[in-house]
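Presented below is the structure to which this report refers.
The values are calculated or read from the model by the stated rules, or taken from the named source; none is laboratory data. The model shown is predicted, which means the values in this text are computed figures rather than measured ones. Counting neighbours? That spans all protein chains shown, and the Cβs are built from the backbone with ideal geometry, glycine included.
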Amino acid sequence: MQSTFEFVHGGKTSIKIDNGYLMISRKGFLNKAQGLKDEKGIKIDSITNIQLKKPGIMTGGSIKFGVIGNKDTLLTPGGTEILFSKKEMELALELKKTIETYLKNNTNGA
């Protein structure tokens with residue numbers, strides 16, 4: 001399974017799902033201002049939860065992946081967080097569903 005998701009409004013972030021990995025590539029000022037930069041690879045099987053914060057009237061949304069062994073907290077932005085705008089809400093929901101489907105189909109009752 002290979003999929004690509006491009007978030008350009010909340011922060012220039014490209015997500016590629018391929019061979020069981022979620023590759024997050026970041027560019028742009030907003031990502032750097034939030035401390036989110038460069039590229040990060042996450043083994044999808046290590047994702048324990050997905051938190052989706054819907055965008056508000058004056059705020060953007062975010063999707064954050066809980067990963068085994070990750071030490072990110074609410075006070076420190078982590079490499080597993082993706083920022084998006086209200087216009088990209090459907091794309092964020094599609095990304096969440098894609099990962100949840102992958103996890104469901106690749107978990108052997110463990």
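Go through the range 55-90 and report how many residues are of a type in the set (S, T, N, Q), over 17 Å from residue 44 (Cβ atoms) and modelled with pLDDT of 80 or more.
Residues that pass the stated criteria total 3.
Between a first residue in the range 45-59 that is among the charged types (D, E, K, R) and a second residue that is assigned to a strand (DSSP E or B), which pairs have beta carbons less than 8 Å apart while being 6 or more apart in sequence or on different chains?
The qualifying pairs are 53/61; 53/62; 53/63; 53/64; 54/61.
With the requirement that a residue be at pLDDT below 90 and among the aromatic types (Phe, Trp, Tyr), what does the range 7-54 give you?
29
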